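Right, one structure below, let's go through it.
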Amino acid sequence: MTNTATASPRPLQTVRRRRSTRSVLGKIPGWIVVAVLLIVFVYPLVWLVLGSLKTQDEFLNNPTWALPENWFNFSNYSIAWESTAHYLLNSVIAVFPSLAICLLIGTAAGFALEIMVFKGRNTLLLVFLVGIMIPGQMILLPLFSVYFNLGLSSTLWPLIITYTATALPLTVFMMATYFRNIPREIFEASTIDGASTLKSFFFIALPMMRNAIFTIALVQFFFLWNDLLIALTFTTDDSLRTVQVGLLNFTGQFGVVDYGPTFAAICINVFIILALYLVLNQRVMRGLAAGAVKG
Amino acid sequence: MKSVLSDKRAIGVLLGPALLVYTLVMLLPMLWSLGYTFFTGSVLGGFEFAGFANFARFWNDPNSGPAVLFTIKYALVVTVGQIVFGYLLALLYTFFLKRASNVVRTLVFFPVVLPTVAVSLLFQKMFEFAPQTGLVNSVLNGLGMESVDWLGNPGTAFVVIAIMDIWRAMGFYGVLLYTGVIDIPDDVMEAARLDGAGTFSLIRRIVIPLSWPVIIAAGIFSINGTLKVFDSIYALTGGGPGSATTPLTLYMYRTAFAGGDYGYGSTIALMLTIMCLLVTVAIFRSTARNSKEFS
């Protein structure tokens with residue numbers, strides 16, 4: 001940070017002109033910091049993508065910053081895709097149903113806890129809060145026993161059930177804070193006008209909360225999609241692996257590290273998130289920050 | 001007045017499902033885990049009552065001490081790193097980049113949403129020693145230095161873990177703290193500037209004290225996450241070399257699933273939960289005192 005960078009916020013034209021040379025020079029350290037920042041954050045990802053186009057031979061014999069010899073060498077991707085496709089499907093099957101259920105019952109609970117009037121609302125909200133703080137390790141073992149005894153161990157149900165529950169506390173809590181900003185009179189009026197409370201929820205509250213629900217969905221999607229602990233615990237079989245567990249085991253599959261395909265597998269994983277992030281980055285940033293402040 | 005919004009049946013329908021799922025999949029397993037701490041064995045081999053033996057074992061276990069210490073060391077270093085670098089980013093956004101900060105903010109935030117496994121594998125390859133000379137060692141060689149076996153030594157492995165988790169999260173804390181810094185009223189800043197405050201004294205005397213509540217909130221959020229670290233270490237070092245980078249979460253996982261001892265695993269998980277609670281309470285207490293000083 002430089003002195004001139006923070007000189008009076010809206011300087012007069014003349015002052016600005018007189019200072020311009022000094023100000024340009026004074027800003028150089030700041031720009032160097034920005035440049036270093038960009039290199040530190042962008043270059044590793046560029047290096048990753050370049051690596052995904054290289055052959056094993058290039059990895060072992062060329063310097064690591066060398067560009068790929070053949071820019072259209074996509075064979076790594078076809079090798080990586082063979083196993084990743086199935087893992088992706090598992091992740092989709094595990095994450096999206098839990099997301100949908102969690103949002104529906106979480107929004108309903110947020111509505112009940114914030115709009116409805118009854119004794120013990122605040123206590124219940126606190127009970128949900130406990131779930132945000134407890135480490136996942138605290139619930140894994142009993143759940144594993146139950147799933148095992150119910151014979152669910154060789155299905156994706158353990159993941160769907162556990163994901164729904166672990167995403168619930170934050171969803172309820174965030175929804176409750178969103179509902180807090182809506183005057184209760186709206187729902188009172190609609191109830192007096194003859195709509196049942198449930199109708200008010202489905203036809204007034206849900207459409208009104210569209211934006212909030214979408215933001216929370218996005219936040220929870222990243223948490224569930226990127227989860228390793230729960231997926232690792234409950235996927236006892238290779239055919240059940242989610243994309244993260246699959247990626248983790250990718251290197252082991254060939255004995256010797258097969259660099260190209262490994263890089264390509266990481267890239268596939270990164271590209272999926274990047275596609276989402278390119279479109280929705282502002283909302284993702286706002287949503288995650290809100291989740292932290294409220295959590 | 002009895003509100004029209006206190007219809008018991010509607011409350012039951014709205015709140016019931018969430019409460020049911022939350023109780024069955026999170027609250028009960030938590031209590032069940034507490035029960036496990038008095039037993040030894042696993043769901044596959046059967047359980048046996050053990051009284052307080054698990055707690056005595058935790059006290060005497062030569063592995064539990066280092067795991068506790070590593071958890072604390074990691075949580076302290078990474079939390080401080082995340083907050084300090086995040087705050088520097090926030091200052092950079094506010095005072096140097098100003099309105100142009102959006103692009104940099106979005107870029108630096110990207111690793112936050114990337115799958116932990118993908119980032120861990122990327123860092124594994126970047127810090128690789130052999131057979132391929134990774135990016136970092138290539139840079140060292142270019143500067144005329146010897147390659148370092150980063151993940152092969154306890155000390156350097158810790159450095160890589162810390163760098164990675166700060167890299168992954170600093171964009172998030174940058175955005176979070178940025179919202180705290182830009183909330184400081186302009187007239188306060190301007191008044192300080194008119195009184196002749198330079199940038200550094202402005203930051204030290206005005207910006208940091210006024211954004212202190214946000215810094216504390218971010219700190220609580222960060223330490224709660226870092227105490228529970230699992231994914232990144234499991235994927236990056238697997239707790240190695242040896243068990244030099246094994247936090248409590250990972251030790252619990254190993255004990256319960258590789259070692260087949262649910263009772264002792266639950267005991268470790270309980271110790272971790274108690275640690276999280278103590279730390280949160282301690283920070284809350286110290287901030288209560290601090291905010292009195294400021295006001």
Which of B:T255, B:A90, A:A217, positive extreme of dipole for the protein assembly as shown (C-beta unit charges): B:A90
List the DSSP H helices in chain B whose Cα atoms stretch 27 Å or more along the helix axis and whose mean Kyte-Doolittle hydropathy is at least -1.0. B:64-91, B:154-182, B:262-294
What is the extension gain from B:T179 to B:S243, computed as 0.36 nm multiplied by their sequence separation minus the C-alpha to C-alpha distance, in nm to one decimal? 19.1 nm
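Give me the net charge for the shell around A:W71: Cβ to Cβ below 14 angstrom, other residues only, Lys and Arg +1, Asp and Glu -1.
Details: positive: A:K54; negative: A:E58, A:E69.
With Lys, Arg at +1 and Asp, Glu at -1, the net is -1.
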At 7 Å along the Cα-to-beta-carbon direction for both A:A275 and B:L24, put a label point, then send me their distance in nm to one decimal. 3.4
Amide N of region B:5-21 lying under 20 Å from the label point, which is placed 7 angstrom from the Cα of A:D193 along Cα→Cβ: B:5-7
Could you tell me the center-to-center distance, by alpha carbons, between region A:122-173 and region B:65-89 in angstrom? 27
In terms of Cα to Cα distance under 20 Å, which aspartates and glutamates are near enough to B:K8, apart from those fewer than 8 places away along the same chain? A:E114, A:E185, A:E188, A:D193
Which values of log₁₀ I(q)/I(0), to two decimal places, follow from the Debye formula for region B:158-202 at q = 0.23, 0.28, 0.29, 0.34 Å⁻¹ with a uniform point scatterer at every Cα? -0.80, -0.93, -0.96, -1.06
Between B:I274 and A:L206, what is the label-point separation in nm under the 7 Å Cα-to-beta-carbon projection? 4.6
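Distance cut-off 27 Å, Cα to Cα: go down the list B:K73/B:K125; A:K119/B:K228; B:K125/B:K228 and report the pairs above it. Mind dumping the intermediate values first?
On the way: B:K73/B:K125 25 Å; A:K119/B:K228 34 Å; B:K125/B:K228 25 Å.
Pairs exceeding 27 Å: A:K119/B:K228.
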So what's the gap between the Cα centers of region B:194-249 and region A:73-117, to the nearest angstrom? 29
Taking the Cβ of A:T191 as the center, what net charge do the other residues with Cβ under 12 Å away carry, scoring Lys and Arg +1 and Asp and Glu -1? -2
Do me a favour and compute the ellipsoid semi-axes for chain B from its Cα gyration tensor, root of five times each eigenvalue, largest one first, whole Å. 38, 32, 19
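Whenever you get a sec, line up B:L31, A:L274, B:L121 from highest to lowest accessible area (probe 1.4 Å, protein heavy atoms). The partial results should precede the final answer.
On the way: B:L31 110, A:L274 55, B:L121 5 Å².
In descending accessible area the options line up as B:L31, A:L274, B:L121.
Top to bottom by accessible area (1.4 Å), largest first, where do A:F144, B:F39 land?
Working: A:F144 30, B:F39 70 Å².
Output order, biggest surface exposure first: B:F39, A:F144.
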Below 16 Å, Cα to Cα, which aspartates and glutamates can A:K54 reach? Residues fewer than 8 away in the same chain don't count. A:E69, A:D258
How far apart, in nanometres, would the label points at B:F49 and A:V130 be if each is projected 7 angstrom from Cα along the Cα-to-Cβ direction? 2.5
State the three equivalent ellipsoid semi-axes of the protein assembly as shown, derived from the C-alpha gyration tensor as the square roots of 5 times its eigenvalues, in descending order and whole Å. 38, 36, 25
With runs of 4+ DSSP H residues as the only contributors, calculate the mean residue ellipticity of the protein assembly as shown at 222 nm using -39,500 (n - 2.57) per run, divided by the residue total and rounded to the nearest 500. -22500 deg cm²/dmol
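Divide, for region A:77-294, the radius of gyration over alpha carbons by 2.2 N^0.38 Å, where N is the residue count. Could the numbers behind the result be given before it?
Values: Rg = 20.1 Å, N = 218, 2.2 N^0.38 = 17.0 Å.
Compared with the compact-globule rule of thumb, region A:77-294 sits at 1.18.
Enter the mean number of other protein chain beta carbons within 10 Å of the beta carbon of each residue in A:180-187, as an integer. Don't jump to the answer; show the numbers that get you there.
Details: counts 0, 0, 0, 0, 2, 0, 0, 3.
So the per-residue partner count for this stretch is 1.
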Segment A:L60-A:L89, extension gain: residue separation times 0.36 nm, minus the distance between their alpha carbons: 7.1 nm
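The values are calculated or read from the model by the stated rules, or taken from the named source; none is laboratory data. This is a predicted model, so every value here is computed, not measured. Neighbour counts are summed over all protein chains in view; Cβ atoms, including those assigned to glycine, are modelled from backbone coordinates with ideal geometry. All accessible areas refer to the heavy atoms of the entire protein, side chains included, with ligands and DNA or RNA removed. Shrake-Rupley method; radii C 1.70, N 1.55, O 1.52, S 1.80 Å.
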